[in-house]
Structure formats: structure tokens, C-alpha cells
Amino acid sequence: SDTTVRYQPGTLADTVYHLRLMGFNQCGAFTYKDSIKIFPQPVPELALSTDSGCSPLKVAIDNQSTGLPKGYEWDFGDSTTSKAAQPGRHTYTTPPGDTSQYTLTLRAFNDCGKDSLKRTITVFPNKTRAFFNVDRAFGCAPLQLSFTDFSENANRYFWSFGDGDSSTTANPIH
């Protein structure tokens, strides 16, 4: 009877299946042997030393693709590309005052197909400016003041009020 078998390749290398057919009748047995080779599809994979940091951000990229890719295409998301198997390090920058996100794309291909993988790289500006306003600069004791933060590119705060007290909120009242 006819039987359909679907062979699955390995993901690291070619997979060889050894086949054997034995036929029997009243006069004896006959054996036929053969083999088939299944080639894998490419599976892109990569490791990054980091996926976020301050500008200029140096990212080490390690291609860990499987499936015996014959070629690669890298799009670093900043208008630069490469066809290297191992691109090594790539440096991302962002304009002053802006946080930028880049989409790193790896495409791997071989005779059996192609696939792609995307990772997001976030780059923060490398400088912060601290600036604040206080609702009034003088008054009678006990004096309560409202402070308003106007800092650029800050995401954490430490206020020292000069009287031994401090705060880590963006806009404290003291």
C-alpha cells in the first residue's frame, strides 16, 4: 500500500535518512537500501551585548543562525547594511535631546528558503541638563515651596534642599 511520509530536517545540519525495503515471497527475501538527504531551512538568530544605552551605543552582534544559511543580509536600521556572516560591533547614535529606536533586521537564506528576525535597539541621549523653577524664592517660616523640574533627558531625580532633606520625585513640594 502507498504511505506518505513527511521527513523533517534538523536545524543545525543536513539530515540523512537511511532507508531499507525488504520484499518477501515463497522463494525468499530481497533487501534494497538507499538514503535520502534533507536540507534545513535557515533559522536566523542573534545575540546582542545590549539592546539599550546611551549614545554613542556600541553593540556587539553575534550571529547564531542555524539551518546552514548560505548568505546573510543585515539592516542596522540606521541606513547602513552588511552581508557579513558576523558583523561584529555596530555603533548607534542619537541626536542631542532625542531618544531613538532602531530596528535591527537579520535575513538568512539558503537554497531551501529565507527567514528574517528583528530586534529593537533603543539609544538615549548622552547628556542631561538639570533645570528647575520654584514657585517663590522667599517667605515667612514655616515655608512650603513647590519645585517644578524642567530638566532635559532626565528619567531619575535627586533633590537636595539644603536643610538635610532630599527627594527623588520629579516635582517635589518641600
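Nothing in this text is a laboratory measurement; each read-out follows from the coordinates by a stated rule. Remember, it's a predicted structure, so these values are computed and weren't measured experimentally. Positions of Cβ are backbone-derived with ideal geometry, glycine not excepted, and every protein chain shown enters the neighbour counts.
Pull up all non-local amide H partners of G77: gap of 5 or more, or a different chain, and H-to-H distance under 5 Å with H placed in the peptide plane.
Under 5 Å from the amide H of G77 lie the amide H atoms of T105, each far enough along the sequence or on another chain.
Charges only on Cβ, +1 for Lys and Arg, -1 for Asp and Glu: so what's the dipole of the chain about the Cα centre, in debye to the nearest 20? List each step's numbers first, then the result.
Details: 16 positive and 17 negative charges, 119 e Å.
My answer is approximately 580 debye.
Between segment 131-174 and segment 33-99, what is the C-alpha centre distance in whole Å?
Taking the Cα centre of each part, segment 131-174 and segment 33-99 sit 45 Å apart.
Under the rule of at least 5 residues apart or a separate chain, name every residue whose amide H is placed under 5 Å from the amide H of V43.
Correct list: T66, G67.
Let's test the formula: R0 of 45 Å, r as the Cβ-Cβ distance of D163 and D62. What FRET efficiency results, to the nearest 0.05?
Numbers: r = 52 Å, r/R0 = 1.15.
It comes to 0.30.
If you take Rg and Dmax of the Cα atoms in Å from the coordinates, which of [x] 16.2, 50; [y] 17.8, 56; [z] 31.0, 118 do you get?
[z]
Testing the spin-label approximation: label points 7 Å from Cα along Cα→Cβ at E45 and A170. State their distance in nm.
The modelled label-to-label distance comes out at 4.0 nm.
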